[in-house]
Amino acid sequence: MSTSEPVNWLDRIDPYAIQRIVLGKALFTATVLTYVYWFFKPDNFMTFAAPMLVVSFYEVPTVASRRKKDLLTGFIFAATLTGIATFYLMYPFRILFFFYAALFLSGLYFFVAAFFGELKNITMIILATATVVLSYQPPANLQVLYSMCTSAMLSMMTMFVCLHLYPNQSLIIWRRAMQKYIACMEADIEAAIQRQDRRYLSEEIHHLSTVRAVRQLVPKQDLMNTFRIAVYIRNIQFAFDNIYYETKNDDLWRAVQQSFAQLRDSMRHLTPCPVTEIVVVSETPLQKYVIRCLHKAIRRWNQLCNTPGH
C-alpha cells in the first residue's frame, strides 16, 4: 500500500485537518496533565480527571473567536466546580438534593441558552461530570470537599494554560478550506466553459463557511491578509455568477482558472505565488475587475508568506 492512500483517506474524513490538530493538542495537554499529576499527587483522581470531559467544547467550530472560547471554557469550569461542590454537600439529603439538582439543571440550561445558544447540549455534560462525586465517602465532609476542589482546580488551570501554550494552527485550517473553495471555483469555470450546469455551489458555500468561521482564530499578524484574500476570491465568484448575463470570454476565464491552480498549489506548499500577467484582452469592466481582484489576492497571499513565522 502506497503512503498516499492513508493520506487520501485522512483528507476524506478530515478535509480541513481539524481533527488532526485537535488530536495533537489533546496529546500535548494529556502529557502535561500526567506530569502535573505525578508531581502534585492530588488526593482525588476522579475530580482531577473529571474536567477533561468538558474541556473538549473549547474546540467547537461554532465558537469562532478566541475571547469567546476563553469565556466558554471559564464558564464550563466554574459551573463544573460549582456542581461538584454542591452535589457532594447536598447528596446526603436526598429529597432536598432532588429539587436542588432540578434547579441547578434549569438554571444552567437557561444560562447556556442565553449566552451560548448553539451549545445547549453542554448542560447535560456538565451535570454528568458533577455527579462523579456522589459516591465519595464520608459524605458532606469539608476536608474531602477541599481536596476535591483543589484537585479539580489544579486540572482546570493546567488545561487552560496548555490550550494557550499550544501553537496556533488555525492558519492550516484556513488554508485547506480556501484551497477547496478555489478548487470548486476552478471546476465551476470549467463547467461554464464546457456549457455545463454548475454542480459545486453547495460545496463552495460549505468551504467558504469554514473560511469565515476560522478567520478570527488565525494569528493577529495574519488576520488582515487572510480576510482580504477571502474577500477578493469571493468577489471573483460574484463576478463569475454574472458572466452568464454578458458575452463570455472563454480565454480569459481559462487564464483565471490556471492562475487559481497556481495559487492553490502555492497555498498547499506555503510558498509565494508568481503574479502572472493575464495577456487576454478584457472585454468588459466586469472582466477587468476579476483580473484586479485576482492579482490583489495573489499579492496578499505573498505578503502572508513573507510574514515572520511562516
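Yes or no, residue by residue, for (1) assigned to a loop (DSSP other than H, G, I, E, B); (2) buried (at least 18 other Cβ atoms within 10 Å of the Cβ); (3) in contact with a Leu (Cβ under 9 Å, 6 or more places away or on another chain); (4) at negative phi:
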| residue | (1), (2), (3), (4) |
| --- | --- |
| V256 | no, yes, yes, yes |
| R268 | no, no, no, yes |
| T276 | yes, no, no, yes |
| V290 | no, yes, yes, yes |
| L294 | no, yes, yes, yes |
| R299 | no, no, no, yes |
| T307 | yes, no, no, yes |
Residue check for E190: of a type outside the set (V, I, T), surrounded by 15 or more Cβ atoms within 10 Å (Cβ to Cβ) and over 30 Å from T86 (Cβ atoms): no
Odd one out for T226 among (1) modelled with pLDDT under 85; (2) touching a helix residue (DSSP H, G or I) at 6+ places or on another chain (Cβ under 9 Å): (1)
Whichever residue in the range 150-187 is surrounded by fewer than 17 Cβ atoms within 10 Å (Cβ to Cβ) and under 30 Å from P92 (Cβ atoms) and, among such residues, is farthest from the chain's Cα centre (by Cα): T150
Failed condition for I126, given (1) farther than 30 Å from S266 by Cβ; (2) surrounded by 12 or more Cβ atoms within 10 Å (Cβ to Cβ); (3) free of Cβ contacts under 8 Å to residues at least 60 places away in the same chain; (4) not aromatic (F, W, Y): (3)
Filtered residues of the range 170-209 (kept if of a type in the set (V, I, T) and touching a Lys or Arg at 6+ places or on another chain (Cβ under 7 Å)): I182, I193
Those helices (runs of 4 or more DSSP H) lying entirely in the range 21-121 with at least 2 residues modelled with pLDDT of 90 or more, of a type in the set (G, A, S) and assigned by TED's automatic domain parsing to the domain that holds S135: 66-90, 94-115
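Within the range 152-201, work out how many residues are outside any helix (DSSP H, G or I) and over 30 Å from Q237 (Cα atoms). Break it down into steps so the answer makes sense when it comes.
As a first pass, look at the range 152-201 and keep what is outside any helix (DSSP H, G or I): 166-169, 194-200.
When the remaining residues are screened for being over 30 Å from Q237 (Cα atoms), the result is 166-167.
Counting residues in the range 152-201 that are outside any helix (DSSP H, G or I) and over 30 Å from Q237 (Cα atoms) gives 2.
From T73, T29, T62, T34, grab the single residue that is out of contact with any Gly (no Cβ under 9 Å at 6 or more places or on another chain), farther than 28 Å from A140 by Cα and surrounded by 16 or more Cβ atoms within 10 Å (Cβ to Cβ).
Working: T73 fails: farther than 28 Å from A140 by Cα; T62 fails: surrounded by 16 or more Cβ atoms within 10 Å (Cβ to Cβ); T34 fails: surrounded by 16 or more Cβ atoms within 10 Å (Cβ to Cβ).
Answer to the selection: T29.
The values are calculated or read from the model by the stated rules, or taken from the named source; none is laboratory data. These figures come from a predicted structure and were not determined experimentally. All Cβ positions, even for glycine, are placed from backbone atoms using ideal geometry, and neighbour counts span all protein chains on display.
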